[in-house]
1. Mind listing the long-range amide H neighbours of residue B:695? Cut-off is under 5 Å, sequence gap 5 or more, other chains count too, H placed in the peptide plane at 1.01 Å from N.
2. Please check which bits of segment B:425-443 a label hung off residue A:163 would reach, taking the label as a point 7 Å along Cα-to-C-beta and the cut-off as backbone N under 18 Å.
3. Cα centroid distance between segment B:515-579 and segment B:702-730, in Å?
4. Placing +1 on the Cβ of each Lys and Arg and -1 on the Cβ of each Asp and Glu in segment B:232-795, which of B:688, B:404, B:783 has its Cα farthest towards the positive end of the resulting dipole?
5. Compute for segment B:232-795: radius of gyration divided by Kirkwood radius, i.e. Rg/Rh, restricted to C-alpha atoms, rounded to two decimals.
6. GNM on chain A, C-alpha springs below 10 Å: top fluctuator among A:174, A:166, A:263?
7. Taking neighbour counts of Cβ atoms within 10 Å as a proxy for exposure, in what order, fewest first, do A:283, B:484 appear?
8. Give, in nm to one decimal, the length gained when the segment between residue B:253 and residue B:650 is fully stretched (0.36 nm per residue of separation minus the Cα-Cα distance).
Amino acid sequence: MKLHIYIIAILSVFSISACTDVITLDLDDPEPVLVVDGFISNLDVIQSVRLSSLDNYFAPQPPEYSKYKSAVVTLQENGAYAGTYVFNDTELQFELPYQGLEGKEYQIHISLPDGTSYLSASELMESIVPIDTIWHELSEEDGPSADKGDFLVKINTLEPAGLGDNYQWKSYVNGQYNFAAEDIFVSDDRFVDGQDVIDFDVYSLDQEEFEEYKNESLTGQVFVTIEQTTISARYFDYILLVSQQLLQVGSPFASPPAEIRGNVYKEGEDEVLALGYFYTSSVDAATVELLEQ
Amino acid sequence: MKLFYKLFLISFLIGISGTLLAQTKAEKYTLSGYIRDANTGEDLIGATIKVKQLGAGAATNVYGFYSLTIPKGFYTFEISYIGYQTQIDSFELNSSRTLTLSLKTSDQVLTEFVVSATKEDENITKIQMSVEKMSISTIKEIPQLLGEADVIKSIQLRPGVTSVGEGASGFNVRGGNIDQNLILLDEAPVYNSSHLFGFFSVFNPDAIKDVTLYKGGIPSKYGGRLSSVMDVRQRDGNDKRFSATGGIGLLFSRLTLEGPIVKDKISFLVSARRSYADLFLKFSKNNKDNQAYFYDLNTKVSWKVNDKNRVFVSGYFGKDIFGFGEQFKMKWGNATGTVRWNHIISDKHFMNITGVYSDYSYALGVPSGTSAFEWSSRIINMEAKADFTYFLSPKLTLEYGAEYQNYTFSPGEIKPLGSESIFTPFEVQKEYAHMPSLFIGAEQEVTKKLKLQYGLRYTHYFNVGEQDIDIYKDGVATNASEIVDVKHYDKGEMVANYGGLEPRVSANYVLNKKSSIKASYQRTKQYMHLISNTTSATPIDIWKPAGYYVKPSEADQYVLGYFRNFKKNVYELSIEGYYKEMRNLVDYRNGAELLLNETIETELLIGNGKSYGLEFMINKKKGNLTGWIAYTLSKTTMTVPGFSTPTYKDVANGINGGQPYATNWDKTHDLTLVAMYDINEKWKLSGNFIFMTGRPATYPNGGYVWEGKVLPDYRTRNASRIPSTHRLDISATYKLKAKNDKLKHSIAFGLYNLYGNKNPYSIYFSPSDDNPLLTEAKQLSIIGIPVPFITYNFKF
């Protein structure tokens, strides 16, 4: 991922005459397609799923989540019924108090009021790899991914021997999830298999953002939480494609627009997919307070 | 197809027997030798010698050698070449003789002589069609970005040649992808012809003698790519006197030194360019530790051993280097080397032996710290070739030979740097290939009106070990999770092999002195693919050879053309229609991850392509105002049906449900106007205007929110188009006064994109900067403003 940032940065050195303009484009309204947005983790929390519908690309967001509130969403563990999600009218999502277990396979089943039903492909909850240490430093020089003086959050961890592990790092600042495409950070273990992964940059925050968080905080403190999650190979491909389709766009080195195929299929018609993805995630979290030096 | 081989055999036998028969009728002698530049001693490629009384003639081959066998007699010979004064001489040919002929360039002759750009009716009488040949002097006059003359950008102003957008790497010929062009520099393949991600080409015009682009009717001696051959020849170096050529521009400067090591015998040429944007970075507080520059170096030594033997050694070395302090470094570049031995076996029989080395590599990474690593990739190509030209008669010339190529592909390797590095060594396994070829071709004047060129090429390709091949369930490379076995091949053991004949045939029927009809057919095969899934190719794309899962591509192209000259050959008109079918082309699955991928075959989709079009060009070649208008109307599509196995249905419907879709480089209309005007001896003006249809684009079918992000839903590939582009560039050249006759210097200045049109490179979709839940369509223009330039050029 960083590679593309570097290349775009290199190109920008010479792109003094390049310009980007927002333009008006008229796109047709699409046929409605079910969108599934949810995951289950190994944390003992309320697990959630959101259902919505495909809309015009330029339509105002957020979507109308209550449209599918009468749907029936159930969780299956190793193919057996594990619980039914209940729609929360305040949070506009289906909820189920449940703790996923490593080594188990999970999927959800969705029955819509119109009689159609969808089933997600089963996802294995992989074993978790803990974060050993977390700390922060200030960047000492300007670079493509961080400027001098930016906060760099770093971790030490151990990557267990044996290829095939896939990771995603999610970051939260004062409890707020950084959901932007720029904050998608995933990796596989091909290049670090069995290694002590030390001094590993997982998040950066510039001084301006830091001040904003600080001012918004009741205590004047800024905490960054890093969730190190183990994810399936299939979800790794999916989230990588999401990142590619959102970030690597427009430039001469952009990836071509591609259909983002998820893992939720219409029952009885395997070739019909819902949009979105339902995944499993083993999580280990660590928090550090950012301190001005 | 069998019919073709029979016709080829019959034509060949008729040609041979006709020649032998003719030789028995009358006493004949051969005039042979080289045609050269009178001032520098450079061999001239494609120069012609014509016998006025017979209407017969010969052209020099790519090494500058000609041979003409005619009956004993007194003749008038006319020797001509692009941009040179035509020389006429008469003498009696009463014995075979070797004669080196010298021509003077336009600036070496008196002003009252008319210097024709080419032999007057060459486009009518010459058999070749679909060939773009541009003189370096023309290339230097065409205004380009920052005033830097550019071989590849100039050739894109010809019909049938386009690119995906401004600043894009490579070029597209008649619906072919950029990897379907064989780009040769002194016969060495160049695997990345771009500097600065595509803004400039690697060819330094000061070091180049000749540029020929074959879009069709490709002679049988060339092979390995589907769509075109761009044959670039370096200059030999002046063997008569020392001279220097150079220029100082806004982005880079260049200097070429050449001269005799031994006068009229051994010459050298050294030509260098370097950009200096990085020097200015040092003045920037934020960028002082950053690097950003490129350079290239062309070298050549030419040795005229004696009348029968010549030896050339040439090389090219170029690099692009970028760095962000100690955080990230990146470099890439080509290195090529060519050794050639030209030997005149007899006055009719010419031999060339060539050894070639070509190496393209890139490396990037973090030089220090715990994240230190180097990622490198490389392709090495070695080649030995023997090709012969046999001038059987003025009516029949044979070219034949053999070629052997050897490839080592290193798709990617990660090396940790230093003891602190968290990385483990990683390498995508190398691949090795051998490719022997045989070729034979003939150019034959069947009658005064009909000329034929026909040839055959046979290549056999071997992909060999050492290699481990993943075996997939159901035998189809579906997904890494479906690998059921691994098959090991020892070093040198054959993994896969492919081969096939590639027939080529062209015909020219001269209707009258002013017009002719030409037609050609060619089959081409390509045994490697550039793996690139971005709008414009990047320096870190890799080449994937045909192998266990990936098959070679194949194309058939048919061309029909009408050629006519007007106003005493001042204007040349050509209209060519082509139809091309391509098979086993590579496209990619959605979101394909192509770099450092050990199971890259699972990311590839195979399909077929089709391209057809009409190319129109009117060229004014004489007078103070010269230039051309070129227009191409074309359509290029691909069809990728996908595949499925009993257990894997993910790509069952291929791309767009297996229906044809426009390729990324499909441009319906492409119009170019190029004009050069000599106001007087001091001032020259030039300008070019381009208009072309916007390239195909994929717009979202809709949008949805997932994990707080608005995702686009793309369904139909390339169903829309970005707006058309148009641009006007102008330049003026002023010849400065010189203190002595030897120095010639000038200043060129102008504007690229004169009226600052914001030509769309792409239209893309992303969240608003102000509100991530609000999405916008954005248009990227690479050169959205007028870009002024000024360049000082000199020669002494």
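Every read-out reported here was derived from the displayed coordinates using simple, explicitly stated rules and does not represent laboratory data. Not measured: the values here are computed from a predicted model. Don't worry about glycine lacking a Cβ; one is built from the backbone with ideal geometry, like all the others, and counts go over all protein chains shown.
1. B:722
2. What the label zone holds, given the 18 Å backbone N cut-off, is B:425-431.
3. Taking the Cα centre of each part, segment B:515-579 and segment B:702-730 sit 29 Å apart.
4. Looking along the dipole axis, the top candidate is B:688.
5. For segment B:232-795, the value is 0.97.
6. A:174
7. Lowest count first: B:484, A:283.
8. Extra length available between residue B:253 and residue B:650 comes to 137.7 nm.
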